[in-house]
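Let me begin by presenting the structure, written as structure tokens, before commenting on it.
The values are calculated or read from the model by the stated rules, or taken from the named source; none is laboratory data. Remember, it's a predicted structure, so these values are computed and weren't measured experimentally. We place every Cβ from the backbone using ideal geometry, glycine too, and count neighbours over all the protein chains shown.
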Protein chains: 2
Amino acid sequence: MTAELISVGTELLLGNIVNTNAAFLSEECARLGLLVYHQCVVGDNEERLLEAIQQSLERSDLVILTGGLGPTKDDLTKETAAKAAGRRLVTDEHVKQQIAAYFKGREEDVKIAENNWKQAEVIEGSIVVDNKNGTAPGLILELPGEKRMILMPGPPNEMKPMFLDSIGPYLAKLQKVCLYSEMVKVCGIGESMAETMILDLIEGQENPTIAPYAKTSEVHFRVTASAESPEAGKKLVDPVVEELKKRFGDNIYTRREEETLEAVVVGLLQRQGKKIAAAESITGGLIAATLINVPGASSVLNESFVTYSNEAKEKRLGVKAATLEAFGAVSEETAREMAEGVCKASGADVGIAVTGIAGPDGGSIEKPVGLVYIGCRADGKTRTEKLLLRGNRQKIRDTVVIRALDFVRRCIL
Amino acid sequence: MTAELISVGTELLLGNIVNTNAAFLSEECARLGLLVYHQCVVGDNEERLLEAIQQSLERSDLVILTGGLGPTKDDLTKETAAKAAGRRLVTDEHVKQQIAAYFKGREEDVKIAENNWKQAEVIEGSIVVDNKNGTAPGLILELPGEKRMILMPGPPNEMKPMFLDSIGPYLAKLQKVCLYSEMVKVCGIGESMAETMILDLIEGQENPTIAPYAKTSEVHFRVTASAESPEAGKKLVDPVVEELKKRFGDNIYTRREEETLEAVVVGLLQRQGKKIAAAESITGGLIAATLINVPGASSVLNESFVTYSNEAKEKRLGVKAATLEAFGAVSEETAREMAEGVCKASGADVGIAVTGIAGPDGGSIEKPVGLVYIGCRADGKTRTEKLLLRGNRQKIRDTVVIRALDFVRRCIL
């Protein structure tokens, strides 16, 4: 089955936002065995959108539209899709109730703007998909000639859960060939290096295939086999995964599709009955915030510290003034004392500390922007790691979070 | 002049990478006053690429292609563009020298793979643009009927400098009309409500136009006028911006394109010579991390606290056990004591505290998921705010960060 994506939104055409929806949906479609040959972006303009929908419906079996379902006048994806399908819009009582329920009891001062009722209109004869994170429902249209159109809201935090919960499973049922895939998530190795390490596997691949996905400081490899049953697929995938395990060793942090690095760390701590606390300088709270992404993180984290100034490092963590004086705040010695100090101060079993220079200013020849020290205290031992990272302030800080969590993982494995 | 973008690459269709090139080029085109109505992505497939180029040339004045200029057999953008233009490929001696120079003196003895000479071939009659960061040159084709095609390499670190150094200036010379735009960033009002408040302005718009961009808990309005000069553009834009100021009042936190809410808060604190510290429960460090997005935030933030457990709230912030007992951790009273406590503990002038239920578990009828209390201590006064937010764990936490920063902004304005 061929699919194509139409992202609707003037903000994409103006470059105000990056089209992460297209990347997410393309990856999900690949996973479902859907062949995506075209993606396009059009603005909130009826004529051009209609033209794009018609062209897509002509050449592909499935057209996935995102965006333009909002409550404003600009939003006309639903109206235009209805036109393309030759159907009318009708008010859906269930959606109307959902919208009312969504607003009920929420912030006292939010009244349901009249506009929002527009979102209760759906295309006649479509399958309505609930939006758990917003007011615009998703719509599935089954059209003559085995063609289908799917409309989803544009905000990624509404679209992604809707796809994963409802649209993906709907599409999976339509596929005849069974695609079996496993994920191997690797961190601590750069993308080029990781791919070079398995170039021979990638070059000779037919079935299964290995698809690399580069993330911040991580590479995820999806191994996918096309087979008649999940069991037959698994038999094809297993030896490839075994080979990846041999090559990447403990750089593999999980083989579960949905498991994040922070969930692995929280899980390890939970099983070991340990508490963690962070002492963050360069990341300013991002490590703690990332751990708390995991529901139930309160069982492993009581408190955490952002010690940005030298004074805070001394006062909260007991870093010695002499250490700061002799080696500086960005040094292996300071990272070590921060990790040890945060365990003492909080009573946590595991302490993770980071200190570094995120830029754009503050670098020098000896200590350039991107220099970072990580310290981790666990099982009575303190280990440190030095990083020299590239990129802007945001990229450096995001990378430090991943590298620090990975360092914790290795220290407590 | 209308422009459209064609991004070439199977890795985009598989979702292996996010199309940041399209966002970059769209923004640059908007800045140059080029009207971009279409972006598309096609794979390294001659038939589909040729079709895409022909369609784009038909409906737009300028077609910008990125990707598919590499040395491998897969790369066929140049060949296909030549076909669409009815021209041949010819070897360019200057490019050949550039490629030799690029490899000379590189690591060890990298030999120039035969493949790389393919990159010395250019489309006959095109303007060749040097690539300072790689081996594939850019090409500008001036075609009959005032049409133009521009080919650039796909890697962003080659494409972006090439655009900024050469392609952008080339295009700027072609433009007659000037686009002048100003930004008005609003927070604390939902998207629907914000648009309802200015519906009459949006409905009647022609020149200038008002484009709304919804962000997490924010709406940004870009007011754009098309004129003969920036000065003439500003004259058209000014009265609209004045009207927006009247309607949104202090919900407008900035009118600078590149200024974030956290930058506004850090700037206010810097000008007032004040320090801030956060006491975060539900956000787990995100507020501090967001403030530290701003380079130079160290002048206003020495330290910050993640007090996730009740024990930490008592020990670090001096929240009374009786308060926690009587009202619970998620209560106005606790938020108030947290905000006051963090000022005392850290010596900061401004204390921001958040406590709430992010879910998915932990909610009850009296205290549902999404219930959040914010406390802010400033100028010897403590104010609190109650929020009832919707969405998943991530969305609730992201919203709390924005609302808390906005609350600080209002308290210290």
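Laid out as a table, the results:
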read-out: Enumerated helices (runs of 4 or more DSSP H) restricted to region A:307-413, each holding at least 1 residues that are at pLDDT below 95 and within 24 Å of the chain's Cα centre (by Cα); value: A:393-412
read-out: Counted residues, region A:272-303 - those being in contact (Cβ under 8 Å) with a residue 40 or more places away in the chain and outside any loop (DSSP other than H, G, I, E, B); value: 11
read-out: Region B:389-404 - residue that is out of contact with any helix residue (DSSP H, G or I) (no Cβ under 8 Å at 6 or more places or on another chain) and of a type in the set (Lys, Arg) and, of those, surrounded by the fewest Cβ atoms within 10 Å (Cβ to Cβ); value: B:393
read-out: Residue in region A:19-42 that is in contact with a helix residue (DSSP H, G or I) (Cβ under 6 Å, 6 or more places away or on another chain), within 21 Å of residue B:2 (Cα to Cα), more than 10 Å from every other protein chain (Cβ to nearest Cβ) and at pLDDT 95 or above present; value: no
read-out: Enumeration of residues in region A:237-271 that are of a type in the set (Lys, Arg) and outside any helix (DSSP H, G or I); value: A:255, A:256
read-out: Hits in region B:178-218 (condition: farther than 16 Å from residue A:134 by Cβ and of a type in the set (Val, Ile, Thr)); value: B:184, B:186, B:189, B:196, B:198, B:202, B:209, B:210
read-out: Residue match in region A:325-338 (condition: surrounded by 24 or more Cβ atoms within 10 Å (Cβ to Cβ), of a type in the set (Val, Ile, Thr) and either in contact (Cβ under 8 Å) with a residue 24 or more places away in the chain or assigned by TED's automatic domain parsing to the domain that holds residue A:190 (or both)); value: yes
read-out: Boolean, residue A:236 is crowded, with 17+ Cβ neighbours inside 10 Å, not polar (S, T, N, Q) and not assigned by TED's automatic domain parsing to the domain that holds residue A:32; value: no
read-out: Helices (runs of 4 or more DSSP H) contained entirely in region B:150-214, each with at least 2 residues that are surrounded by 20 or more Cβ atoms within 10 Å (Cβ to Cβ) and more than 10 Å from every other protein chain (Cβ to nearest Cβ); value: B:156-162
read-out: Where a residue in region B:359-374 is of a type in the set (Lys, Arg) and its partner, wherever it lies, is assigned to a loop (DSSP other than H, G, I, E, B), with Cβ under 8 Å and at least six apart; value: B:367/B:328; B:367/B:330; B:367/B:357
read-out: Qualifying residue in region A:259-276 (condition: small (Gly, Ala, Ser), modelled with pLDDT of 95 or more and buried (at least 21 other Cβ atoms within 10 Å of the Cβ)); value: no
read-out: Residue under evaluation residue B:75, criteria (1) within 14 Å of chain A (Cβ to nearest Cβ); (2) touching a helix residue (DSSP H, G or I) at 6+ places or on another chain (Cβ under 9 Å), criterion not met; value: (1)
